[in-house]
1. How do L66, L60 stack up against each other in accessible area, from largest to smallest, with a 1.4 angstrom probe?
2. So, R0 is 22 Å and r is the distance between the beta-carbons of M98 and T46; what FRET efficiency does that work out to, to 0.05?
Amino acid sequence: MTTSPHHLPETPENDELHGRPNRCAARRAWDLHLKEDMSARTPDETFFAIKPGISQEEALVHASDLLRSAAATAYESANSQQGNQRDLAFSVVFLIDMAKAMVERSLHTAGAQAST
């Protein structure tokens, strides 16, 4: 027994998939993903920049404040979870607290060295 192959209908040349706007959009998408200079961010497009000339102590104080805020957010998130999700969220709180302790130790060490 032989089966006849299923033929796909011919696509007309003026089909909207072959239209100029779609070709331009496809070219832009390829350019975005394949050309390094097109996808590289310029320094002006950065979301967050550190103030030039900031002291190490000032940077550590700011990092400590950011970690405190992150820990509070993670803690509130953990409180609204149950089971494994709650455990995972509290592990994030713990990791943030450890990082905050390291930053604060660096601040105390820098402060002790500055006073001697």
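1. L66, L60
2. Taking R0 as 22 Å, the efficiency between M98 and T46 is 0.20.
The values are calculated or read from the model by the stated rules, or taken from the named source; none is laboratory data. All figures in this text were calculated on a predicted structure; none of them were measured in a lab. For neighbour counting, all protein chains shown are included, and Cβ atoms are generated from backbone atoms with ideal geometry for every residue, glycine included. Ligands, DNA and RNA are stripped out before the accessible areas are found, and what is left, the full protein with its side chains, is counted by its heavy atoms. Shrake-Rupley method; radii C 1.70, N 1.55, O 1.52, S 1.80 Å.
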